[in-house]
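Bear in mind these aren't lab numbers, they're just calculated from the coordinates by the rules spelled out. Note that the coordinates shown come from a computational prediction; the quantities given were computed from them, not determined experimentally. Because the Cβ atoms are built from the backbone with ideal geometry, glycine has one as well, and the counts that use them run over all protein chains shown.
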Amino acid sequence: MKKMNNKNRINQKKLKTKRRLKLETRFDDSSNLDELLGKGYKNDETESIFRIGKSYDYYHNEVIPNENLLTEYFIQYLGKGGNIQYYEEAYGENQIIFESGKPCAFPRWEYGTYFNVNPRRWILSGDEIGGIENVQAVNCLFCEFVCSDIKNEEIKKLNPQPSVVVEAGDNYQMYWLLGSPTLLTRENFLTIQNIQDEWVKFMGGIEKEKDLSALMYVPGTELAVYKDCYYQAFFKKTDFSKKYSLNELGKIVNVSLDD
């Protein structure tokens with residue numbers, strides 16, 4: 001999750017660039033992910049072909065694909081129902097804005113790269129693009145944990161199980177994917193935020209990290225929480241077949257969209 005500076009944190013860098021990209025995605029709703037994972041794919045910036053590598057699901061000792069292709073698929077999925085998504089430089093002000101569901105190759109900024117968990121409605125300047133009033137849809141509920149506060153065996157026992165778990169430095173970032181996007185309106189906005197609030201409380205995550213406008217680290221990129229101390233954000237678990245309805249999850253925490 002995006003962190004605030006203090007005297008031990010890295011100083012913010014001045015604005016350098018802001019780019020808006022519109023690229024064709026390699027996936028659509030009919031894509032067979034298993035077939036795609038066995039193929040090479042083109043990186044939009046370098047024009048080179050990469051063969052998909054392998055890493056592991058640390059909880060079940062299962063082979064999963066490497067972060068590049070999974071990250072692209074993951075960010076595309078979270079962009080459903082929105083107009084734009086973006087990457088943001090950690091401890092800086094650089095942004096790369098792209099059409100929702102069509103992620104460009106992610107940047108590798110020196111101190112880390114964030115992405116917006118929920119897609120945005122408008123292209124706005126500065127911090128306004130990330131404001132909660134600009135959130136257009138939700139495709140997941142999320143929760144963040146300090147790694148030392150939850151053990152691997154406890155993660156395996158979470159009920160319901162998260163669809164995606166990312167380890168980013170000293171934190172776990174977990175996502176419960178929704179089967180379809182829920183668009184935010186004036187009528188349902190507070191209820192959806194309440195579901196997200198209560199979900200973090202129910203799961204026992206970090207209480208302050210529950211805003212619908214949250215930014216998280218991009219899996220497959222490096223991050224630096226402290227100066228000269230670098231970590232890798234990477235997938236610990238992925239199961240894109242595990243999807244829920246927002247009403248289903250809301251009822252677990254006694255909040256219903258129908259109320």
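Name the residue farthest towards the positive end of the dipole of region 191-259 from the options M203, V255, T221, assuming +1 on Cβ of Lys and Arg, -1 on Cβ of Asp and Glu, about the Cα centre.
T221
Amide H neighbours of M216 under 5 Å, counting only residues 5+ apart in sequence or on other chains, H built in-plane at 1.01 Å?
It is F115, V117, by chain and number.
Which residues in region 131-161 have a backbone N closer than 12 Å to a point placed 7 Å from the Cα of I252 along the Cα-to-Cβ line?
Of the residues in region 131-161, 141-143, 157-161 have backbone N under 12 Å from the label point off I252.
Which pairs in the list K80/K243; K80/K208; K157/K208; K80/K151; K157/K210; K201/K237 are over 20 Å apart, alpha-carbon to alpha-carbon?
Check vs 20 Å cut-off fails for K80/K208; K157/K208; K80/K151; K157/K210; K201/K237.
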